[in-house]
Amino acid sequence: MFIVSPSVLACDLANLAAETKKVENAGAQYIHLDVMDGIFVPNMSFAHPVIACLRKTSSIVFDTHLMITKPERFVDDFIKAGADIITVHYEACEDLMGTIKHIKEAGVKAAVAIKPATPASVLFPILRDIDMALVMTVEPGFGGQKMIPATVEKVREIRQYAIDNGIEIDIQVDGGINANNLKLVTEAGANVVVAGSAIFLADDPSQVIAEMKEQAEKYPFGSGVDR
Ligand code: DX5
Ligand code: ZN
């Protein structure tokens, strides 16, 4: 199933609830919540208190991307805040397997992200244990960057490994994705697409989302998450 997950980094954060509703009405199945700590990435955003408030206004799937050092310290806070998917970075965890297990035991979907310089193969041993793999297509930290084409090969490697080993998994891409380069990543095996600027800065987000869904229709990978 193909999923569109608009990143709120590009929206008007003073009106987060309305912006979330806007993209949900425009056809987005998830909302992508980028949490940054100024240490793992050279930028800051918002954290679980904001997400808990948003939860009261929305029932869309909360796709929570933790760009924070030692995320295990805060996983429980994000679970309590109402996250449906929690993505931690491979590079940021001290106890990756323990963190994944903890997230899943709480009934929340667990995902692991890799930065552009991290090889796809680090995810192979844990692919069966996670619900989604996130291949960063830009250096994490900022919205509005250009997609790094070399990262697409990693999507292909992970999808191939999953197919060869009979693993059903969602593969997410995040950073610089728009309707023009979408084909590159979906054809390689991605089925969950994060797009911030391409959706929130568009005159008509519903048109962009519809165009993305139409393009991706022929690649029936992954299953997605419902609430
Ligand atoms: C980058 C974030 C992304 C980003 C995507 O660190 O993880 O989710 O906001 O925004 P665009 O689509 O504008 O690159
Ligand atoms: Zn993100």
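Okay, here's what the table says:
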{"item": "Residue list for the stretch 205-227, restricted to those being over 20 Å from GLU153 (Cα atoms), open to solvent by less than 30 Å² (accessible area, probe 1.4 Å) and small (Gly, Ala, Ser)", "result": "GLY224"}
{"item": "Test: ALA179 is without any contact (Cβ under 8 Å) to a residue 40 or more places away in the chain, out of contact with any Asp or Glu (no Cβ under 9 Å at 6 or more places or on another chain), closer than 29 Å to SER45 by Cα and hydrophobic (A, V, I, L, M, F, W, C)", "result": "no"}
{"item": "In the stretch 84-94, the residues that are part of a strand (DSSP E or B) and either open to solvent by 10 Å² or more (accessible area, probe 1.4 Å) or in contact with a helix residue (DSSP H, G or I) (Cβ under 8 Å, 6 or more places away or on another chain) (or both)", "result": "ILE86, VAL88, HIS89"}
{"item": "Residue, nearest to ligand 2 (Cβ to nearest atom), within the stretch 129-158, restricted to residues that are buried (at least 22 other Cβ atoms within 10 Å of the Cβ) and assigned to a helix (DSSP H, G or I)", "result": "THR151"}
{"item": "Neighbours by Cβ (under 6 Å, 6+ apart or cross-chain): first from the stretch 190-204, among the small types (Gly, Ala, Ser) and open to solvent by less than 20 Å² (accessible area, probe 1.4 Å); second within 13 Å of ligand 2 (Cβ to nearest atom) and part of a helix (DSSP H, G or I)", "result": "GLY196/LEU9; GLY196/ALA10"}
{"item": "Of all residues in the stretch 159-179 being open to solvent by less than 10 Å² (accessible area, probe 1.4 Å) and farther than 21 Å from MET147 by Cβ, the one that is farthest from ligand 2 (Cβ to nearest atom)", "result": "ALA162"}
{"item": "The stretch 93-104 residues that are under 13 Å from LEU123 (Cβ atoms), paired with ones that are part of a helix (DSSP H, G or I) (beta carbon under 6 Å, 6 or more apart)", "result": "CYS93/THR99; ILE100/ASP129"}
{"item": "ALA28 vs. criteria within 24 Å of ALA198 (Cα to Cα), open to solvent by 20 Å² or more (accessible area, probe 1.4 Å), out of contact with any Cys (no Cβ under 6 Å at 6 or more places or on another chain) and of a type in the set (A, V, I, L, M)", "result": "no"}
{"item": "Criterion: of a type in the set (Gly, Ala, Ser), modelled with pLDDT of 95 or more, more than 12 Å from ligand 1 (Cβ to nearest atom) and open to solvent by 40 Å² or more (accessible area, probe 1.4 Å) - qualifying residue of GLY107, GLY98", "result": "GLY107"}
{"item": "Number of positions in the stretch 61-83 that are outside any helix (DSSP H, G or I) and either within 14 Å of the chain's Cα centre (by Cα) or among the aromatic types (Phe, Trp, Tyr) (or both)", "result": "9"}
{"item": "Qualifying residue in the stretch 139-148 (condition: in contact with a Leu (Cβ under 7 Å, 6 or more places away or on another chain) and either within 15 Å of ligand 1 (Cβ to nearest atom) or under 27 Å from GLY38 (Cα atoms) (or both))", "result": "yes"}
{"item": "Helices (runs of 4 or more DSSP H) contained in the stretch 164-219 and holding at least 3 residues within 12 Å of ligand 1 (Cβ to nearest atom)", "result": "197-200"}
{"item": "Hits in the stretch 61-83 - residues which are away from ligand 1 (no atom under 16 Å from the Cβ) and open to solvent by less than 40 Å² (accessible area, probe 1.4 Å)", "result": "VAL75, ILE79, ALA81, GLY82"}
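The values are calculated or read from the model by the stated rules, or taken from the named source; none is laboratory data. Just so we're clear, the structure is a prediction, and the values are computed from it rather than from any experiment. Here the Cβ is made from the backbone with ideal geometry for all residues, glycine too, and neighbour counts use every protein chain on show. For accessibility, only protein heavy atoms count, side chains too; no ligands or nucleic acids. Shrake-Rupley method; radii C 1.70, N 1.55, O 1.52, S 1.80 Å.
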